[in-house]
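Structure record follows, encoded as structure tokens.
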Amino acid sequence: MTTLPAVTPAAERSAVTTAADRPGRGRRRSGTPYAFLAPALMLFTAFLGAPVVYAGYLSVRRVKISGLGLGRSSRVEQWAGLSNYTRVLTDSEFLPSVGRIALYGLIVVPLMLGGALLMALLIDGGRSRAGGFARTAIFLPYAVPAVIASLLWGFLYLPRISPIADVLNSAGLSAPNVFSSSWVLYAVANIAIWGGMGFNMIVLYTALRTIPGELSEAARIDGASDVQIALRIKIPVILPSLIMTFVFSLIATLQVFAEPMTLRPLANTISATWTPLMMVYRDAFIRNDIHAAAATSVVIAVATFALSFGFLKLVGSRAFRQED
Amino acid sequence: MAVATAVAVPVERRNRRSPAATALLLLGAAYCLLPVLWVVIASTKSAGELFSTFTLSPSTHFFDNVASLSDYRGGLYWRWMANTALYAGVGALASAFVSAMAGFALAKYAFPGKSVVFNLILAGVLVPGVILAVPQYLLLAKAGMTNTYWAVLLPSMISPYGIYLCRIFAAAAVPGEVLEAARMDGAGDWHAFARVALPMMRPGLVTVFLFQFVAIWNNFMLPYIMLGDDRLFPVTVGLSGLLNQGATQPAMYTSVVTGALLSVLPLVALFLSLQRYWQVDLAAGAVKA
């Protein structure tokens, strides 16, 4: 094993957690950390780094077909500049799918996180015996993958099966067709809210449990109500957790794929380009246009980064701290 | 799943019960349980009854449905279940181990390039995994590995978030003094990791395993595009295909519904028994076990 110089930049040293680990205390410096990191870095490079770079490369290439398009040499890959991007961005189906996803996010994220926060606060507040039961029940959907969740709700949405439609019909009212074009977005959003609320609730509940009971007690003695305690003490304290759940929800929203893909056989109102990611799938595997698919992927990735970093910057979050 | 843990703060115990809180909590629970209740009832109905009887009235055909699901193409459904266990179980186990090693190195060693690696991993957390699926497919196709178990297993083994969590667990749960003592006793680096650090990180590792297990079990796009042979499908992709068939043969719907119920049962059991490991503080990365 090679011995590395014992001097490290101050920034490096500050990340070291205990004094015993510091160089200069008789600790051997060696290639060991690299050996521990090797499997992770190899997998990271192969399945994260390389695909990202490859997608970028493909997005600026195109296939040129010469002559009659017959034979091997008639298909030549060449530099395409930004033409794939202009092609994708001006695709008549791209903007509507972006708009749909934006509206979808505006519905899903606040309702899902709001519901999760409300339930977490209610359970943490301890004003009801139903807390333990509700916690388990609300968490349960997290065990159900999006495909199965879509399938279950898909059946519940079918007018011939839906218990809600049954009840409405027997009351002489006509139930709305959930799969109609004006309802289908909400129908898909509902599945995402149902599937995601429980996990976020557990995250927020865990954060709430870390708040010392004396804090709420002191506030209560000062005459604060439960709502005031929640708004003035509990929510500010768990803000970092709320920010994290927000960012993860945002990322998840941009990649809606499984739910609408599963519902397609039941709802003809869901087009093949209903969300941007479905458009990627169509271009790559139905139209065999991997260059357009790569360009769309890059656009989605850049948008995700911009939104999540922009938001983290905006709130000045230290949620991902490097220092412990 | 102890209710709100035993330390439920004596102060709050003295609080008066609030009917409004109870009502809201039960409403939330009912919303979350409705589809679960439905699938349990629907799986007891015959194909005809599924569309003709009242939604929430049970019938007696559950075992017939299981039998016909099991008969479907020589038990293909059970093969899907086994595949799912393989993808999610082995993938998550490998991922937790890889993350543990990397997180341990990042928490307990100083070495050149450390902050570069750590920042790279943080950036990886924010990369939407689903976006990688198409280039991953193309690269694996070049390596001749698409339509094999490896095509789903290998990409599932890397989890930047798992590494991030493991770094925090290792920093918090493994005191430097203990490692130093192990080294004094002549333990090598590997020995110190495997015999000393790994057991101390166990609660955190269970959480990382569960996270990755659910992520793989939930990842629809990756197996959907990687696999062409339906004998390699996980149960999610398989059922989604069955649902497609149901559009032309509605008798298939009973199998889809029964299959959906059977597929979530093991995971629900796993969840309920390991619920405490889910209490993760995302921001601090700590497990409240």
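Kindly list the residues of the stretch A:227-254 that lie in the label zone of residue B:23, defined by a backbone N under 19 Å from the point 7 Å along the Cα-to-C-beta vector. Label zone hits: A:227. Sorting the Cα pairs of chain B by distance into bins of 5 Å, from 0 upward, gives 1, 5, 9, 11, 13, 12, 13, 11, 9, 7, 4, 3, 1, 0, 0 percent per bin.
Residues whose amide H falls under 5 Å from that of residue A:61, counting only those 5 or more places apart or on a different chain, are A:80, with hydrogens built in the peptide plane. Take the protein assembly as shown with all the other protein chains still there, run a 1.4 Å probe, and you get 42 Å² of accessible area per residue. With charges only on Cβ, +1 for K and R and -1 for D and E, what is the dipole size of the stretch A:105-230 about its Cα centre, in debye, rounded to 20? The calculation lands at about 280 debye. Quick one: pull the percentage of alpha-carbon pairs in the stretch B:80-198 with a separation above 19 Å. Considering the stretch B:80-198, 58 percent of its Cα-Cα pairs are separated by more than 19 Å. For the segment A:238-245, counting C-beta atoms of other chains within 10 Å of every residue's C-beta and taking the mean gives 3. For the stretch B:144-162, backbone nitrogen atoms closer than 15 Å to the point 7 Å from residue A:313 Cα along Cα-to-C-beta are found at no residue. Distance from the C-alpha centroid of the stretch B:177-225 to that of the stretch B:55-125: 15 Å, rounded to the whole angstrom. Under the rule a/c < 1.5 gives rounded, and otherwise a/b versus b/c splits prolate from oblate, where does the protein assembly as shown land using the Cα gyration tensor? It is oblate, given that a/c is not under 1.5 and a/b is not larger than b/c. In angstrom, the C-alpha Rg and Dmax of chain A are 25.9, 86. Each listed q (0.12, 0.13, 0.19 Å⁻¹) maps to a log10 I(q)/I(0) for the stretch A:219-324, found by the Debye formula over equal Cα scatterers with no solvent: -0.63, -0.69, -0.97.
Of the peptides B:256-264, A:220-228, the ranking by mean beta-carbon count within 10 Å, highest at the top, reads B:256-264, A:220-228.
Of the residues B:148, B:44, B:53, which exhibits the maximal mean-square fluctuation in a Gaussian network model of chain B defined by a 10 Å Cα contact cut-off? Evaluated over chain B, the most mobile residue of the options is B:53.
Here the protein assembly as shown has 66 percent of its accessible surface on carbon and sulfur atoms, given a 1.4 Å probe and all protein chains in place. About the centre of its Cα atoms, the stretch B:157-289 shows a dipole size close to 200 debye [charges on the beta carbon of Lys, Arg (+1) and Asp, Glu (-1) only; nearest 20 debye].
Over the whole of A:152-160, what's the average partner chain Cβ count within 10 Å per residue? Rounded to a whole number, please. That average works out to 5. Note on the stretch A:189-324: dipole from Cβ charges, positive end direction compared against A:304, A:239, A:261; the farthest Cα belongs to A:261.
The loop-placed trypsin sites (Lys or Arg not before Pro) in the stretch A:105-187, going by DSSP, that have at most 14 neighbouring Cβ atoms within 10 Å of their Cβ come out as A:129, A:160. Counting Cβ atoms of other protein chains within 10 Å of each residue's Cβ and taking the mean over peptide A:279-289 gives 2.
Accessible surface buried by the B/A pair amounts to about 11200 Å², both sides summed, 1.4 Å probe. Checking the Cα-Cα distances for B:108/B:142; A:234/B:114; A:234/A:313 against a 28 Å cut-off, the pairs over it are B:108/B:142; A:234/B:114.
The values are calculated or read from the model by the stated rules, or taken from the named source; none is laboratory data. None of these values were measured; they are calculated from a predicted model. Glycine also receives a Cβ, built like all others from the backbone with ideal geometry; neighbour counts cover every protein chain displayed. We work out accessible area using only protein heavy atoms, side chains counted, and drop any ligands, DNA or RNA first. Shrake-Rupley method; radii C 1.70, N 1.55, O 1.52, S 1.80 Å.
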